[in-house]
Amino acid sequence: MRKLAIGTALSGALALAGIAAPAASAATPNLVFSDVTVNKGKAIVVGTTKTVNVPVTYTLTRPADLVIDNTKTFAAVMLYRGTLKSLANELDPEVMPVCTTTATTDTTVTESCTETIPVDPRDYLYEAADATTWKAGGLYAHFDATASDDFLSTESDVAIWGNLTTAKVQRAAKLTADASPEPVAKGKTITVKGKLTRADWDAMAYKGYSGQKAVLQFRAEGSGTYTNVKGITSGTGGALSTTVKASKSGYYRYVFAGTTTTAAAKATGDYIKVK
């Protein structure tokens, strides 16, 4: 598991100071993270190679005298699986959030913040258990050090406010469809084969997804609408195969509605000419 971008800054500063842990701790300021929205409320669908950049928006209310400079003092929203006491995995921004002040009082400043959490499956997703509902946490970190050959003094503080909202992470799925023979005489049998696969983050490859419901659909040539033909269950290795009678020229495809852990998918329609 990688460190948070914020955590990396702290650990790097500590390493430069030549110590493994802070010698003193500052008081944690009262931060309030609210109205947290992850990926515009949609599931985060991740394949095996492409980095998915997840937008996060939220409101941050902080003490008026607290300066978040992203050099010594940081604040951001992270995603985590498990509990704060025992993190199973975490996702966090690599570039610091952008915040705009929206309101002030004598004691507080309220800001509207945006950030992006990059999810590269090759680095940050490790197992099937990562396809689940994650939690969002608001993170604050501060580190300051004075170091010379004659004197060393450090001050640090890290705090996380958990359970701010949730976000679902799903495996990406793929579907294929191949109708044959082509061309075919009207009334003859058409066989439509296909395959349902989904991202396997252990192997970093798409593997067959068996035992799943899919629907064969047909769109007549000249029409813009697909209609359901029949349901089918994927077999070994995610294989799909069924037969229909040829009635008119058009396109056949399979559609998968998705599951809790796996995103929906549609095959590209395969054209059949009926004579």
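Where Lys and Arg each count +1 and Asp and Glu each count -1, what net charge lies around residue 274 among other residues with Cβ under 14 Å from its Cβ? Display every interim value, and only then the final one.
On the way: positive: 186, 188, 219, 245, 248, 273, 275; negative: 182, 221, 270.
Counting the neighbours of residue 274, the net charge comes to +4.
For the pair residue 191 and residue 27, how long in nm is the line joining their label points, each one 7 Å along Cα→Cβ?
It works out to 7.7 nm between the two label points.
Please work out which option in [x] 13.6; [y] 19.7; [z] 18.8 gives mean projected area of the Cα convex hull in nm² calculated from these coordinates, and answer with its label.
Looking at mean projected area of the Cα convex hull in nm² for this model, the match is [z].
For 111, 94, 155, which order do you get if you count the other beta carbons within 10 Å of each Cβ and list the fewest first?
Numbers: 111 19, 94 12, 155 15.
With the fewest neighbours first, 111, 94, 155 line up as 94, 155, 111.
Name the shape class, rounded, prolate or oblate, that the alpha-carbon gyration tensor gives for the stretch 5-169, where a ≥ b ≥ c are the square roots of its eigenvalues, rounded holds for a/c under 1.5, and otherwise prolate holds if a/b is larger than b/c and oblate otherwise. Present the calculation step by step, with values, prior to reporting the outcome.
Values: a/c = 2.18, a/b = 1.32, b/c = 1.66.
Oblate is the answer for the stretch 5-169, as a/c is 1.5 or above yet b/c matches or exceeds a/b.
Apply the a/c threshold of 1.5 to the C-alpha gyration tensor of the stretch 72-156 and tell me whether it is rounded, prolate or oblate. Before the final figure, lay out the partial values.
On the way: a/c = 2.32, a/b = 1.30, b/c = 1.79.
Judged from the Cα gyration tensor, the stretch 72-156 comes out oblate (a/c at least 1.5, b/c at or above a/b).
For the stretch 112-129, just list the computed ³J(HN,Hα) in residue order, Karplus coefficients 6.51, -1.76 and 1.60, θ = phi - 60°, integers in Hz, with x standing in for Gly and Pro.
Couplings: 9, 10, 10, 8, 10, 9, x, 10, 9, x, 6, 10, 10, 10, 10, 7, 4, 5 Hz.
Tally Lys/Arg at +1 and Asp/Glu at -1 over every other residue whose Cβ is under 13 Å from the Cβ of residue 84; what's the total? Before the final figure, lay out each step's value.
On the way: positive: 81, 85, 135; negative: 90.
Taking every other residue near residue 84 into account, the sum is +2.
Hey, what number do you get for the chain at 222 nm if only DSSP H runs of n ≥ 4 count, each worth -39500 (n - 2.57), divided across all residues, to the nearest 500?
Values: 2 runs with 17 residues, N = 275.
So the calculated ellipticity at 222 nm is -1500 deg cm²/dmol.
Give me, ordered by chain and number, the residues 5 or more places off residue 45 or on other chains with an amide H under 5 Å from its own placed amide H.
Sorted by chain and number, the residues that satisfy this are 170.
List the lysines whose alpha-carbon lies under 29 Å from that of residue 186, not counting same-chain residues fewer than 8 positions away?
Candidates past the 8-residue exclusion: 195, 213, 230, 245, 248, 266, 273, 275.
Count charges around residue 207 for me, please; just the other residues with Cβ under 13 Å from its Cβ, Lys/Arg as +1, Asp/Glu as -1.
Details: positive: 171, 174, 195, 198; negative: 200, 202.
Here the count lands on +2.
Can you figure out the FRET efficiency of residue 271 with residue 94, using R₀ = 35 Å and their beta-carbon distance, to the nearest 0.05?
Numbers: r = 44 Å, r/R0 = 1.26.
For residue 271 and residue 94, the calculated efficiency is 0.20.
Would you pull out the residues with amide H under 5 Å of residue 226's amide H, same chain only if 5 or more places away, H placed 1.01 Å from N?
The list, which skips near neighbours in sequence, is empty: none.
Determine the shape class of the stretch 173-272: with a ≥ b ≥ c the square roots of the Cα gyration tensor eigenvalues, call it rounded for a/c under 1.5, and otherwise prolate if a/b is greater than b/c, oblate otherwise. List each step's numbers first, then the result.
Details: a/c = 2.41, a/b = 1.99, b/c = 1.21.
Note, shape of the stretch 173-272 comes out prolate.
For a footprinting-style exposure proxy, rank 74, 256, 151 by other Cβ within 10 Å, fewest first. Mind showing how you got there, number by number?
Numbers: 74 22, 256 25, 151 7.
Listing 74, 256, 151 from fewest to most nearby Cβ atoms yields 151, 74, 256.
Pairing the Cα long axis of helix 5-17 with the longest principal axis of the chain, what angle in degrees results, from 0 to 90 and rounded to the nearest 10?
Value to nearest ten degrees: 40.
Values in this text are rule-based calculations from the coordinates and carry no lab data. Only a predicted model underlies this, so the values are computations on that prediction, with no experimental measurement involved. Every residue, glycine among them, receives a Cβ derived from its backbone with ideal geometry; neighbour counts consider all protein chains shown.
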